[in-house]
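J.: Before I ask anything, here is the structure I am working with.
Read-outs: derived from the displayed coordinates by stated rules, not from any lab. Bear in mind that the values here come from a model prediction, so they are computed numbers and not experimental data. Using ideal geometry, Cβ is built from the backbone for each residue, glycine included, and neighbour counts are taken over all protein chains shown.
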Amino acid sequence: MSNYQVTRGLTGGDRAVGERLHKVLARAGIGSRRACEELIRAGRVLVDGEPACIGMQVEPEQQDICVDGQRVPLAGQNYYYLVYKPKGYVSTVRDPQGRPKVTDLVPLPGVRLFPIGRLDLQTSGLLLLTNDGELTFLLTHPKHDIWKTYQAVVEGIPSTEDVARLQQGVDLPEGRTAPAKAKVLKTLPDGVLLEIALQEGKKRQVRRMCEEVGHPVIALRRTSLAFLTLDGLRPGQYRQLAPEEVRSLKEMAHGCKR
Ligand code: URA
């Protein structure tokens, strides 16, 4: 809950605080002012968790405004979401083949979110979505070596030498991969579950590294990025990053120099 005052139906000598809610909603692209008044009247708009009322004044920068449970985006504001990408979703903002997109998972009217980096169509797991170009630049720039952890079910049982090759570097057509962390987490009926942590992000890197050491990937999931994990989320779910998390990511990326 915000500490900021919501002024409902000002009278007499009261001084107006903020702006009329229906105008704020209209400016955010929710609908015409009249349509927004209807939404308010229908009880579909909450301000700081409380049903809004007609004529209400709000401070959009300071208060939580939701329509049908979705936070209303504000012009000029940055948004950061951690999404559990399911298999079968593309990590692009447009797909000529019309497949489901990760950006469909976080409906935010009027805001163009884009993914920070990519996961393959058949890879699931942690993906960040934002409209903050600075954070995207920082986290995708090759000189920023943030750790990303994957769990891969691979065919066969990798030997100690295979795991050591994954750790030390595997030769791919574009060059040798950087030192990585790799370990077998458990043995499965048809292979093993490997955990691999990388600081780089070459195209289909985990799949190609495993293929190269003779253990093709059957299923792949990204489980963490820096200090962020999928805890509490199921495929298709998402959460907003806390301001401290965004700050820490930026600090980490600024501090990383290879
Ligand atoms: N490595 C892969 O092979 N695929 C991904 O989506 C991410 C890392």
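J.: Return the ratio Rg/(2.2 N^0.38 Å) for the stretch 131-227, where Rg is computed over Cα atoms only.
T.: Working: Rg = 13.8 Å, N = 97, 2.2 N^0.38 = 12.5 Å.
Against the empirical 2.2 N^0.38 Å value, I get 1.10 for the stretch 131-227.
J.: Work out how far the C-alpha atoms of the stretch 176-258 reach from end to end along every principal axis, then list the three figures in whole Å, largest first.
T.: 42, 33, 20
J.: Which values of log₁₀ I(q)/I(0), to two decimal places, follow from the Debye formula for the stretch 9-136 at q = 0.11, 0.12 Å⁻¹ with a uniform point scatterer at every Cα?
T.: -0.48, -0.56
J.: Okay, next question. From Cα coordinates alone, what are the radius of gyration and Dmax values for the stretch 74-179 in angstrom?
T.: Gyration radius and largest Cα-Cα distance of the stretch 74-179: 16.9, 54 Å.
J.: Please identify, among A35, A219, A182, the residue showing maximal mean-square fluctuation in a Gaussian network model of the chain using a 10 angstrom Cα cutoff.
T.: In this elastic network of the chain, the residue with the biggest mean-square fluctuation among A35, A219, A182 is A35.
J.: Provide, as a two-decimal number, the C-alpha radius of gyration of the chain over 2.2 N^0.38 Å, N being how many residues it has.
T.: Ratio of Rg to 2.2 N^0.38 Å for the chain: 1.26.
J.: Take the Cα pairs of the stretch 83-142, get the Kirkwood Rh, then feed it into Stokes-Einstein at 4 °C and 1.567 mPa s and tell me D in µm²/s.
T.: For these conditions, the coefficient is 109 µm²/s.
J.: Moving on. Within the stretch 176-197, whose backbone N sits under 14 Å from a point 7 Å along Cα→Cβ of I157?
T.: Under 14 Å, as judged by backbone N against the label point of I157, lie 184-193 of the stretch 176-197.
J.: Let me ask something else. Kyte-Doolittle mean at least 0.0 and Cα extent at least 20 Å along the axis: which DSSP H helices of the chain qualify? Show your work: numbers first, answer last.
T.: Values: long enough: none.
None pass (Cα extent of 20 Å or more, hydropathy at least 0.0).
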